[in-house]
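The values are calculated or read from the model by the stated rules, or taken from the named source; none is laboratory data. No experiment lies behind these values; they were computed from the predicted model shown. All Cβ positions, glycine included, derive from the backbone under ideal geometry; neighbour counts span all protein chains shown.
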Amino acid sequence: MANKQDPLGAYRGKRDLTRTPKPSAGRKRRGRGRPRFVVHQHDATTLHYDFRLEAAGVLKSWAVPKGPSTNPRDKRLAMPTEDHPLDYFDFEGVIPEGQYGAGPVIVWDAGTYRNRTEQSGKPVPVERAVEAGHVAVWLEGRKLSGGYALTRIGKGKRERWLLVKMDDEEADARRKPVKSQPESVISGRTVEEVAAEAEAGEGRRDEGSAGGASGAGPRAGRGGRAAVVDRPDAGHPLRPAVLRPGLGL
């Protein structure tokens, strides 16, 4: 559970923010529009999807190995991760080798959401719903829409949740957006293209250095952050052992 006094303390503690292109934290959102959600596709120790809801000034986050489904019969395992800063909402790039969660990241889907969590007919704020272990939202994204529920099914050092599409008018058992729509909703690139472009930029920099020139350097991530292709970091919470829960999720 996040530290209420410093909800981003765990985020900062796991990262060397002088070396990673990831946002550092601290920016507050302007305006009072609907809260946002984002799904990052992240090829770290293994390919997975990070499902994030804006709440209480941070992005509440879960790592979903198989990604969100539009089929209400699918129960997707979701592993809670540390709160992320709002700056991370539109982050795309490649996290450097040796840093937490090293590997390419794209914004797979994004949009706004409506909180539909209730208790005894009264609305429950998302941050409180997360603590209680059940969150219900209505998504309005480019790829995902309609009701989704997050429910905690196991506590302890490695909490486990389920992400399930609600059976509503937006449900569609035939759609497979994870397979049919792999591209970023921001740049149109796939996670493989982000990695390849960063690797090509790194290669040009190496060639320039060998020839005594400064080189072009790696391709910048969104917002001018350097994107360098790297191997995944073994410390990421979705290392292979976690992805074999024996539940077929």
Next item on the list: For Pro68, work out the one condition from (1) part of a loop (DSSP other than H, G, I, E, B); (2) touching a His at 6+ places or on another chain (Cβ under 9 Å); (3) modelled with pLDDT of 95 or more; (4) under 23 Å from Ser187 (Cβ atoms) it doesn't fulfil.
Entry: (2)
Item checked: Residue satisfying condition, being touching a Lys or Arg at 6+ places or on another chain (Cβ under 8 Å), charged (D, E, K, R) and in contact (Cβ under 8 Å) with a residue 12 or more places away in the chain, within set Glu169, Glu118, Glu199, Glu159 -> Glu159
Item checked: Number of positions in the stretch 138-164 that are outside any strand (DSSP E or B) and under 18 Å from Gly33 (Cβ atoms) -> 1
Note to self: Arg189 - would you say it is at pLDDT 95 or above and among the basic types (Lys, Arg)?
What the structure shows: yes
Notebook entry, point to check: Among Ala110, Ala102, which is the only one that is among the small types (Gly, Ala, Ser) and surrounded by 23 or more Cβ atoms within 10 Å (Cβ to Cβ)?
Noted result: Ala102
Next item on the list: Filter the stretch 143-177 down to residues that are basic (Lys, Arg) and either over 20 Å from His48 (Cβ atoms) or touching a Phe, Trp or Tyr at 6+ places or on another chain (Cβ under 9 Å) (or both) and give me whichever is surrounded by the most Cβ atoms within 10 Å (Cβ to Cβ).
Entry: Lys165
Checklist line | Test: Thr45 is outside any strand (DSSP E or B), under 22 Å from Pro104 (Cα atoms), more than 18 Å from the chain's Cα centre (by Cα) and modelled with pLDDT under 95 | finding: no
Margin query: So, in the stretch 165-203, exactly how many residues are charged (D, E, K, R) and not in a helix (DSSP H, G or I)?
Written below: 11
Item checked: Given (1) under 16 Å from the mean Cα position of the chain (by Cα); (2) more than 23 Å from Gly154 (Cα to Cα), number of the condition Glu97 does not satisfy -> (1)
Next item on the list: For residues that are closer than 22 Å to Ala196 by Cα and either assigned to a strand (DSSP E or B) or in contact with a Pro (Cβ under 8 Å, 6 or more places away or on another chain) (or both), tally how many sit in the stretch 89-137.
Entry: 14
